[in-house]
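Everything on this sheet refers to the single structure shown next.
Derivation of every value follows stated rules applied to the coordinates shown; laboratory data play no part. Treat the numbers as computed from the prediction; the structure is a model and nothing was measured. All Cβ positions, glycine included, derive from the backbone under ideal geometry; neighbour counts span all protein chains shown.
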Amino acid sequence: MAREIERKFLLAGDGWRPHAHSAKRLEQFYLFAGEDRSCRVRITDGASAKLTLKTGRGLSRGEFEYDIPLEDAETLRDSALGRVIEKTRHLVANGRHTIEIDVYEGALDGLIVAEIELTDEDESFEHPDFLGAEVTGDERYLNQTLALRPQVETPEPH
């Protein structure tokens, strides 16, 4: 079984920006979503698409991801639950890890969240100053919640 072990943080400023080495535009939406499972489609830079199935809750979850034809993803967009999430993902090298910083747009404009994927739940990593409060497990910051909740509270910058 494929596992995703991910910690999530709010940002404590823009100190990450000079360190971002690449960015990609993401559009994602959900086809179904339950308390402990979801099916998401993500379109990257308008050029490729993936279907992702996630199971479980919390820090470590099952994740199964498959390439799908872009045309299929665009057709499935019409079946999206809730809103289509639009964001730009910036990558920042951080020791042996990469921090992914998602800058949300549209209805979620103003929200910026950092994620770091780990190989083990207890794995340590460098904690740069721009990482603010940890929100791992806080359902308000799950992309599924952001897509399905009609009103989203955007946190004040630190």
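Here are some notes:
- Residues of the range 21-57 falling in the label zone of Thr145, defined by backbone nitrogen less than 15 Å from a point 7 Å along Cα to beta-carbon, are 34-37, 57.
- Computed from backbone phi with θ = phi - 60° and the Karplus coefficients 6.51, -1.76 and 1.60, the 3J(HN,Hα) list for the range 127-140 is 10, x, 4, 6, 7, x, 4, 7, 10, 3, x, 7, 4, 4 Hz; x is used for glycine and proline.
- When the convex hull of its Cα atoms is viewed from all sides, the range 1-44 shows a mean projected area of 5.2 nm².
- Value of relative contact order over the chain, rounded to a whole percent, pairs C-alpha under 8 Å and six or more apart: 31 percent
- Whole-number D in µm² s⁻¹ for the range 16-79, Kirkwood Cα-pair radius fed into Stokes-Einstein, 37 °C, 0.692 mPa s: 252 µm²/s
- Per-selection Kirkwood Rh - the range 57-158 (Cα, Å, 1 d.p.): 15.7 Å
- Across the range 71-84, computed HN-Hα scalar couplings (Karplus, 6.51 cos²θ - 1.76 cosθ + 1.60, θ = phi - 60°) run 4, 5, 4, 5, 5, 5, 3, 5, 9, 4, 7, x, 8, 7 Hz from first to last residue, x flagging Gly and Pro.
- For the range 1-69, applying the loop criterion from DSSP together with a ceiling of 14 other beta carbons within 10 Å to the GluC sites (Glu not before Pro) yields Glu35.
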